[in-house]
Structure formats: C-alpha cells, structure tokens
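Participant: Next up is a structure, given as structure tokens.
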Amino acid sequence: MSTQQKDLSYFRLRLQEHLNGSFPEKAHDQKFIDQRSSWAANAYEGAFRSGNPIEQCNEIANYILFEGLHFSKFDTVFQVVCNEFDTLMADEELRPFALKMLPVCEPVFSRYTLTDDFAYGYEFDLLYTELTGAIAIWIEENGLQ
C-alpha cells in the first residue's frame, strides 16, 4: 500500500469516526468523506514534502479534515437531552432519542449563525434554553414514544 493510500485511509477513518459520533447526519455522505479525506491527505503530503515537522503537517491536515465540524448540532441536542431529560428515560435511550430530536430542533438552530466556536459564545446559552423548550414541548405533545 502506498503512503498516499495509507494516509488517505487514516484520514478517512478519523473523519468517519468523528462524523459517527458528532455529525450523524453527515456520516453516510461518502462524497463528502472521500473529498475531505483526500484534501487532508494531499495537504499532509504537501506540507511534509515542503519540510514541515510532522506535528505541523498533522495540524494542517486536521484543519482541512475537520473544518466546519467543531460545533455539532447533534452533540448540543444530546447534551440537552442528557442534562435535562435523563430522568425520563434509560441511559441507553438517550442517544437514540437525541437522534430523533435533531430534526425537531432544526428550526431552533436555523435562528442562529453556527460557527466552529459557537459553543463558547454568549448565544449558546440562549440556544440551549430554546432547545430545552422545543424538546419539552415535543415530549408534552407526543410522549417519549
């Protein structure tokens, strides 16, 4: 296996793992995964050939691989479900319920400009409160199903 193929599969696996955990809505987008992984592998190889230290090559590749994938809508919904509604369901039901709530919460997210560092801004608390309300209303109207 060539170094390029090895690098590409490494970046593909890293990205897939990140998407599975935090961006389940993108986890099956093979075109996105292939493109991002290829870009990261090419950036790593270019940085390495330019004489950059391995650590810097990794930083450059990671920047490209994970660009726009730091703030996760799913992680935020999951955080709300775990913190605010965990007493209503068993632990193993929390993630599947958060996945179900992701589309329900989309109108709330659409009112915010979500950037990679959004979770560190003052608007995050407002978003958290609105998500809690949207989920509570959904549960009230639909039950836990």
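Participant: Tell me whether the stretch 58-71 contains one or more residues that are out of contact with any helix residue (DSSP H, G or I) (no Cβ under 7 Å at 6 or more places or on another chain), open to solvent by 40 Å² or more (accessible area, probe 1.4 Å) and more than 30 Å from residue 37 (Cα to Cα).
Facilitator: no
Participant: Could I ask something else about it? Would you check if residue 45 is among the charged types (D, E, K, R) and loosely packed, with under 15 Cβ neighbours inside 10 Å? Before you say what the answer is, go through the steps one by one.
Facilitator: Working: among the charged types (D, E, K, R): yes; loosely packed, with under 15 Cβ neighbours inside 10 Å: no.
Judged against the criteria, residue 45 is not a match.
Participant: Residue check, residue 113 against (1) open to solvent by 90 Å² or more (accessible area, probe 1.4 Å); (2) not in a loop (DSSP other than H, G, I, E, B), all met but one. Which one?
Facilitator: (2)
Participant: Also, I was wondering about something else. Just need a number here: residues in the stretch 74-103 that are open to solvent by less than 60 Å² (accessible area, probe 1.4 Å), in contact (Cβ under 8 Å) with a residue 40 or more places away in the chain and farther than 17 Å from residue 22 by Cα.
Facilitator: Result for the stretch 74-103: 2.
Participant: Let me ask something additional. Being of a type in the set (D, E, K, R) and open to solvent by 80 Å² or more (accessible area, probe 1.4 Å) is the requirement here; does residue 125 meet it? Before the answer, list the steps.
Facilitator: On the way: of a type in the set (D, E, K, R): yes; open to solvent by 80 Å² or more (accessible area, probe 1.4 Å): yes.
Against the criterion (of a type in the set (D, E, K, R) and open to solvent by 80 Å² or more (accessible area, probe 1.4 Å)), residue 125 qualifies.
Participant: What are the pairs, 6+ residues apart or on separate chains, where a residue within the stretch 47-68 that is touching a residue at least 12 places away in the same chain (Cβ under 8 Å) and within 25 Å of residue 31 (Cβ to Cβ) has its Cβ under 9 Å from a residue that is crowded, with 17+ Cβ neighbours inside 10 Å and of a type in the set (Val, Ile, Thr)?
Facilitator: Here the result reads 47/60, each pair linking the stretch 47-68 to a residue that is crowded, with 17+ Cβ neighbours inside 10 Å and of a type in the set (Val, Ile, Thr).
Participant: Pull out all pairs, ordered by first then second residue, where Cβ-Cβ is under 9 Å, the residues are six or more apart or on different chains, the first lies in the stretch 104-118 and is under 10 Å from residue 76 (Cβ atoms), and the second is in a loop (DSSP other than H, G, I, E, B) and open to solvent by 50 Å² or more (accessible area, probe 1.4 Å).
Facilitator: Note: pairs meeting the criteria are 118/70.
Participant: Another one. Which of (1) among the β-branched types (Val, Ile, Thr); (2) touching a residue at least 40 places away in the same chain (Cβ under 8 Å); (3) exposed (fewer than 13 other Cβ atoms within 10 Å of the Cβ); (4) over 26 Å from residue 15 (Cα atoms) does residue 135 not meet, given it meets every other one?
Facilitator: Every listed condition holds for residue 135 apart from (3).
Participant: Kindly establish whether residue 31 is at pLDDT 95 or above and open to solvent by 40 Å² or more (accessible area, probe 1.4 Å). Before the answer, list the steps.
Facilitator: Values: at pLDDT 95 or above: yes; open to solvent by 40 Å² or more (accessible area, probe 1.4 Å): yes.
Spelling it out, residue 31 is indeed at pLDDT 95 or above and open to solvent by 40 Å² or more (accessible area, probe 1.4 Å).
The values are calculated or read from the model by the stated rules, or taken from the named source; none is laboratory data. Treat the numbers as computed from the prediction; the structure is a model and nothing was measured. Counting neighbours? That spans all protein chains shown, and the Cβs are built from the backbone with ideal geometry, glycine included. Ligands, DNA and RNA are excluded from the accessible area calculation, which covers all protein heavy atoms including side chains. Shrake-Rupley method; radii C 1.70, N 1.55, O 1.52, S 1.80 Å.
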